[in-house]
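Throughout, read-outs are computed from the coordinates displayed, never taken from laboratory work. Keep in mind that this is a model prediction, so the values were computed, not measured. Note: ideal-geometry Cβ built from the backbone for every residue, glycine included; neighbour counts use all protein chains shown.
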């Protein structure tokens, strides 16, 4: 049994990386895959909570592992250091892999390549490193659609879960969901409460059969959404709110503001019967 160490971030869902792993698995059916996702800040926007940087990497890891497992791979993973070289070398020291694959954006867009990551890892580890380049505009993942769900008081409503299940049923491939729950304040207590609420929401959605992960976001829902759009490549955004008479997000024109920014469709879902979810949260 051999193990391949895969280091990737934005390109972890790329077609070329997946095809390479499938080819290797045909040659070695007992191949084990170990994913390392280094933490990285979004290219633009602000991040109030440093924890959000790690959480975003964890979301990528969770969803990538779900897809690999559905494709038949025996896969595990970890969130690594923000320095991709240190993240890779830490994993090598712990796992002692037989092969290493590093997946990056093209040279014009890749900070990893500007730092000679592939060559440095090969030299320091003494292990052959295979480099996969994914242009996300050309190498998009045909297997899955990824929906960003922004919700707080309505996040745990059965109506929202049912709506997301409808989306999953309509998609041709697998559907992945990333839930962002903005905190209700800027202090540590508010963040902890948002993370606890998020955990309950994710558990309920998984019980309903959805492939989902998520993170707590900035107290400003617009900032939380923009940060998520920088962290993740998504095919649609769903903003879930209370009815207009009860929703501060709608009074702040959140949906229209996100639509002006996002490069994908933005849907507004109203959870009319969210009182039970609000009380639970």
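Descriptive notes on the structure:
- Fewest-first ordering of 127, 102 by other beta carbons within 10 Å of each residue's beta carbon gives 127, 102.
- Listed peptides 153-159, 1-7 by packing density, highest first (mean Cβ within 10 Å): 153-159, 1-7
- GNM flexibility winner over the chain from 71, 202, 105 (Cα, springs under 10 Å): 71
- For segment 3-133, the Stokes-Einstein estimate of translational diffusion at 37 °C and a viscosity of 0.692 mPa s comes to 220 µm²/s, using the Kirkwood hydrodynamic radius over alpha-carbon pairs.
- Ordering of 237-243, 16-22 by burial proxy (mean other Cβ atoms within 10 Å per residue, highest first): 237-243, 16-22
- Segment 105-257: C-alpha gyration tensor shape, a/c 1.5 cut-off, then a/b vs b/c: prolate
- Relative to the longest principal axis of the Cα atoms of the chain, helix 188-207 runs at roughly 80 degrees.
- In the chain, the DSSP-assigned H stretches of four residues or longer account for a calculated mean residue ellipticity at 222 nm of -13000 deg cm²/dmol, using -39500 (n - 2.57) per stretch and the full residue count as denominator.
- Choice from 69, 94, 166 showing the highest fluctuation, given a GNM over the chain with Cα pairs closer than 10 Å: 94
- Straightening the chain between residue 246 and residue 262 buys 3.3 nm, computed as 0.36 nm per residue apart minus the Cα-Cα spacing.
- Helix 15-27 axis, angle to the chain major axis (alpha carbon atoms, nearest 10°): 50 degrees
- Estimated D of the chain in µm² per second, where Rh is the Kirkwood radius over Cα pairs and Stokes-Einstein applies at 10 °C, 1.306 mPa s: 81 µm²/s
- Taking 86, 131 and counting other C-beta atoms within 10 Å, the order from fewest to most: 86, 131
- Degrees separating the helix 84-95 axis from the principal Cα axis of the chain, which is the longest one: 70 degrees
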